[in-house]
Every structure is written in C-alpha cells, then in structure tokens.
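The values are calculated or read from the model by the stated rules, or taken from the named source; none is laboratory data. No experiment lies behind these values; they were computed from the predicted model shown. Because the Cβ atoms are built from the backbone with ideal geometry, glycine has one as well, and the counts that use them run over all protein chains shown.
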Amino acid sequence: MQMYSVKKPRTPRRDQDYFRGCLLGGAIGDALGYPVEFMSLQEIKEIYGPQGTNALPQPALISDDTQMTMFTAEGLLRAACRGNQQGSCHPPSVVHQAYLRWLHTQGEANQVFADQMQKDGWLIKVKELHQRRAPGMTCLSALRTPQMGTMDKPLNKSKGCGGVMRVAPVGLIAADPFQQACEIAAITHGHPTGYLPAGVLAAIISELMAGAEVEPAVNSALQRLRTYDHHQETLNCIELAIELLDNCESHEQNIRQIGQGWVAEEALAIGIYCALAAGGDFPEGISLAVNHDGDSDSTGAITGNNMGAFLGVRAIPLDWVNKVELSQEIMQLADDLLQGYQAGSEWWERYPG
C-alpha cells in the first residue's frame, strides 16, 4: 500500500494554498457525501455503479457540516478582533455566538441569548447559508438551551460527530488547537468521546500546517490525546484504523470494521484511514471516505480537511473547486484566517468582536 513519505523535510505550509485546501477540501468532501449520507453502500452502488459516487454533483451543495465550519471560522476571527481591540477574549464563547447565528440561519433562535446575538458581520448575510441541510439534532437542541455547554458542565452525553466535523479552522490558527477544539466541540457535545476527537483533528491540522507529514501528525495528536481523561475510546478507534491500513481486506471491509461515522471517534478514524490510504490522491481519498454505510458527508468533510491541509488546493481538481457551493466565500474565510487580525474599521465591520 502506498503511504505518505515521512522523509520529506519539514517545511511549513502556512500559506494560501494550504489554508484554502483545508477548508475547500472539507467542503468538497461534504458535498460529495451529502447526497448519499443516509444510503447504505449497496444503495449507493445501485445508483452510481460498482465504483460508488466519485464525481461531484451539480449542484454541489454543502451540508450543515460546512455551514458550521464556516461559522466556526467566523467566530475565531471575531474572537481575534475582540482580543486585539479589547485586550481579552474567550474564543469558545465568541464561537458560541457564531453558532447562534448559524441557528438563526436554520430558522430557529435561542430566546435566552436573543438580546446578545448580533446579526452583524458579513457571513450571516450570505443567503445561501439560510438553508436547512440536514442539521444535527444535537447541535440544534444544545444551541437552544439557556446555557453554553462546556467540558466541565456538559449539556448532554452526546458522542455524535457534530462536534468534530466543524473544527478544522481551529487547527489553522489556534495557539493550543487541541484544547480549544475540545472546548468548541463541547458547546454542543458533552461526552468526552464527543469532544476529544475534535481536539485530535485540530491538532493534526495544526501539525500539517507546521510542515509534518500525515502519519507523524496523527501520532503527535495521539500523544496529546493520551494526556486527557476518558481518551481510551477515541484512541482505540484511531489505532484500529491505523492497524487496518496493513490489512489485506478491501477498503470497504476495513471501513466497515471502523464503523459508520455517526459518532465522533468513528468519523475521525475513517477520515484518518482514508487520508492515509489514498497515498496523496485527493479524489481517491474523498471517494473512499463517502462510499460506505454511514455518515458520508461528515467522513468526507474530515478526510477533505486533512488531505487539503496536506496537499493544498492545487491537488484538488479545479472543476471541483469551481463547482462546490460557496467556494468564493469559503476561500475568503481561509484567506482571512491566514491573514489574521487587521486594524481598521473595515475589519471590525467584517468581524465585529
């Protein structure tokens, strides 16, 4: 099996190609998986043929996974703006406010936080985001509650993948991506196996941005995971995925052993497996990630985040980049994350803190 080389020099990837690759890669994986999210592999093959789905549909619509990833990015940018302007900030709280704006785009509201939520900035004005694309029930219910969920005071015991599928932007800019991604995932998903995979994904992306190869980036993230309580379930699933890379069975059978991706540790482990198994071929990795019995858009998104961060946007077929919904807005967010806080009234109007 072809694997990523670990012999390349560690050259940072902190430039536009890789920031765009990470976010667009996730959106493309999401868009490829979204039409088949609730299908079995047998049903997928009956419709698309024995190879499964491997061509981006037209229109290539994003789901709630990419919607929430975009609002995560917006929240982080607004937190940076607030921190620079006012000297102090708690990024998860600002991201929570961004998620309340996403909740508004889904036609719902949190009455307790209604007075605090500002419908400003540019993202909430993007009309295409005001579409319900199979939003996760856990995310919706948690964001309706009077409190913000935290790791210490969880709102629920959910292990669903709705926390991990949205945190890629954290890995691009956070100083402590593992901890911050856990805190952001815990806003809606209170079980340790619901938020620890988010920390792992953000840590992997951060390592990739620093120049690591995929396999060492995963190993580094797992080292950090082992320092957290209740990590065993997440660790076991990821280690199984890595072990299965040497299995002579088909990718379909290996992914079936990992799970269906509805829960966070399985979605992340499938994303890691597919990114490693594809050997640097972005379309191959995305196709592997969505053709299975489970949560195809989330596993596609996670795989796309990882592979896009490692390979850059130039490794993604140009027609896929042009075809995916809101590609220009996604690239704008990626560019703003790369650029970081800029003084001046225009930046404050875009990302008011």
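Contact map, segment 339-353: residues that are small (Gly, Ala, Ser) paired with residues that are surrounded by 18 or more Cβ atoms within 10 Å (Cβ to Cβ), Cβ distance under 6 Å, separation 6+ or inter-chain. Pairs shown: GLY353/ARG78; GLY353/CYS81; GLY353/ARG82. For segment 300-331, residues that are surrounded by fewer than 18 Cβ atoms within 10 Å (Cβ to Cβ) and either touching a strand residue (DSSP E or B) at 6+ places or on another chain (Cβ under 7 Å) or not hydrophobic (A, V, I, L, M, F, W, C) (or both) total 7.
Cβ-Cβ contacts under 6 Å between residues 6 or more apart (or on different chains), taken from a first residue in segment 300-316 that is at pLDDT 95 or above to a second residue that is outside any helix (DSSP H, G or I), are absent. Going through (1) more than 18 Å from VAL167 (Cβ to Cβ); (2) among the small types (Gly, Ala, Ser); (3) assigned to a helix (DSSP H, G or I) one by one, GLY33 falls short only on (1). For the condition closer than 20 Å to LEU276 by Cβ, touching a helix residue (DSSP H, G or I) at 6+ places or on another chain (Cβ under 6 Å), surrounded by fewer than 24 Cβ atoms within 10 Å (Cβ to Cβ) and among the hydrophobic types (A, V, I, L, M, F, W, C), LEU225 qualifies.
Is segment 241-259 home to any residue that is within 18 Å of the chain's Cα centre (by Cα) and not aliphatic (A, V, I, L, M)?
From segment 241-259, those within 18 Å of the chain's Cα centre (by Cα) are none; that's our starting set.
No; the residues of segment 241-259 include none that is within 18 Å of the chain's Cα centre (by Cα) and not aliphatic (A, V, I, L, M).
Checking each residue in segment 212-240 for being under 19 Å from MET151 (Cα atoms), of a type outside the set (A, V, I, L, M) and part of a helix (DSSP H, G or I) picks out ARG224, GLN232, GLU233, THR234.
Listed residues ALA142, ALA181; which is modelled with pLDDT of 95 or more, touching a Leu at 6+ places or on another chain (Cβ under 8 Å), more than 24 Å from ILE205 (Cα to Cα) and among the small types (Gly, Ala, Ser)? Full working, then the answer.
Numbers: ALA181 fails: more than 24 Å from ILE205 (Cα to Cα).
After applying the criteria, what remains is ALA142.
Among residues of segment 140-152 that are under 15 Å from PRO91 (Cβ atoms) and part of a loop (DSSP other than H, G, I, E, B), those with a Cβ under 9 angstrom from a residue that is modelled with pLDDT under 95 and not acidic (Asp, Glu), sequence gap 6+ or separate chain, pair up as MET148/PHE113.
In the list THR66, THR72, THR53, which residue meets the criterion of being β-branched (Val, Ile, Thr) and outside any helix (DSSP H, G or I)?
Numbers: THR66 fails: outside any helix (DSSP H, G or I); THR72 fails: outside any helix (DSSP H, G or I).
Only one candidate qualifies: THR53.
For beta carbons closer than 7 Å, sequence separation of 6+ or different chains, a first residue in segment 240-254 that is farther than 16 Å from HIS292 by Cα and a second that is surrounded by fewer than 12 Cβ atoms within 10 Å (Cβ to Cβ) and hydrophobic (A, V, I, L, M, F, W, C), the qualifying pairs are LEU245/MET1.
Evaluate the following for THR66: is it among the β-branched types (Val, Ile, Thr), under 25 Å from ALA289 (Cβ atoms) and surrounded by 15 or more Cβ atoms within 10 Å (Cβ to Cβ)? Spelling it out, THR66 is indeed among the β-branched types (Val, Ile, Thr), under 25 Å from ALA289 (Cβ atoms) and surrounded by 15 or more Cβ atoms within 10 Å (Cβ to Cβ).
With respect to the conditions (1) at pLDDT below 95; (2) crowded, with 18+ Cβ neighbours inside 10 Å, GLY279 lacks only one, and its number is (2). Kindly check whether there is at least one residue in segment 100-119 that is under 23 Å from MET331 (Cα atoms), outside any helix (DSSP H, G or I) and either of a type outside the set (A, V, I, L, M) or without any contact (Cβ under 8 Å) to a residue 24 or more places away in the chain (or both). Yes, because at least one residue in segment 100-119 is under 23 Å from MET331 (Cα atoms), outside any helix (DSSP H, G or I) and either of a type outside the set (A, V, I, L, M) or without any contact (Cβ under 8 Å) to a residue 24 or more places away in the chain (or both). Against the condition in contact with a Lys or Arg (Cβ under 7 Å, 6 or more places away or on another chain) and either farther than 24 Å from GLU215 by Cβ or hydroxyl-bearing (Ser, Thr, Tyr) (or both), how does ASP64 come out, does it pass? It is true that ASP64 is in contact with a Lys or Arg (Cβ under 7 Å, 6 or more places away or on another chain) and either farther than 24 Å from GLU215 by Cβ or hydroxyl-bearing (Ser, Thr, Tyr) (or both). Please verify whether segment 63-72 includes one or more residues that are more than 19 Å from GLN339 (Cα to Cα) and without any contact (Cβ under 8 Å) to a residue 60 or more places away in the chain. Looking for residues that are more than 19 Å from GLN339 (Cα to Cα) and without any contact (Cβ under 8 Å) to a residue 60 or more places away in the chain, one finds none in segment 63-72, hence no.
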